[in-house]
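FYI, it's all coordinate maths here, none of it is from the lab. Model, not experiment: these values are computed from the prediction. Glycine also receives a Cβ, built like all others from the backbone with ideal geometry; neighbour counts cover every protein chain displayed.
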Amino acid sequence: MKNFISKLAIILLVCLVRLVFAQSDFSRDFKVMRVPQGKIISIALNANPTTGFSWRLVSISDKNVLEFVKKEFFSAKEKLAGVGGVEKWSFKTLKSGQATIILEYIREWEKDVPAAKREEFSVFVK
């Protein structure tokens, strides 16, 4: 039962992320977050590591406010080669303040090549 619920949660997350990216104006609404201190926040971004691309954490503007916790990848479909999915980035809110998270979608081995995508998120911790 736990396995089924986990798979259902991943499918729902992937569907939500696809909906958000299909409506680009809608996705901008989620780039500012207001959260309480001591909570874990997550950012989900479409990714396809089979293309060589992955998201890289460029910076957290104030590491006294936010701390990186972990990055996970969830495939959109199980056991299919070449299928994309979602990278989930988790951060912990440490104290009141504001911090900006910058992530870039890059191929690690390509030097002097601009990122294919760049996302910035402002987090206000109360």
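Could you pull out every residue, at least 5 positions away or on a different chain, whose amide H is within less than 5 Å of the one on VAL58? Hs are placed 1.01 Å off N in the peptide plane, and Pro or chain starts have none.
Under 5 Å from the amide H of VAL58 lie the amide H atoms of ILE102, LEU103, GLU104, each far enough along the sequence or on another chain.
Taking H placed 1.01 Å from N in the peptide plane, check which residues at least 5 places from GLN37 or on another chain put their amide H under 5 Å from its amide H.
Close amide H contacts, sequence-distant or interchain: LYS126.
Using the Karplus equation 6.51 cos²θ - 1.76 cosθ + 1.60 (θ = phi - 60°), what ³J(HN,Hα) coupling, rounded to whole Hz, does each residue of the range 39-48 give in order, writing x for Gly and Pro?
So the Karplus estimates, Gly and Pro as x, are 9, 9, 10, 10, 10, 10, 10, 4, 7, 9 Hz.
Filter the cross-link list LYS77/LYS117; LYS70/LYS95; LYS77/LYS126 down to pairs whose alpha-carbon distance in this structure exceeds 29 Å.
LYS77/LYS126
Return the sequence-ordered ³J(HN,Hα) values of the range 54-62 in whole Hz as given by the Karplus equation 6.51 cos²θ - 1.76 cosθ + 1.60 applied to θ = phi - 60°, using x for Gly and Pro.
Whole-Hz 3J(HN,Hα) from phi for the range 54-62: 8, 7, 10, 6, 7, 6, 10, 5, 9.
Label-point separation (nm) for LYS70 and ASP112, each offset 7 Å from Cα along Cα-to-Cβ?
Going from the LYS70 label point to the ASP112 one covers 3.9 nm.
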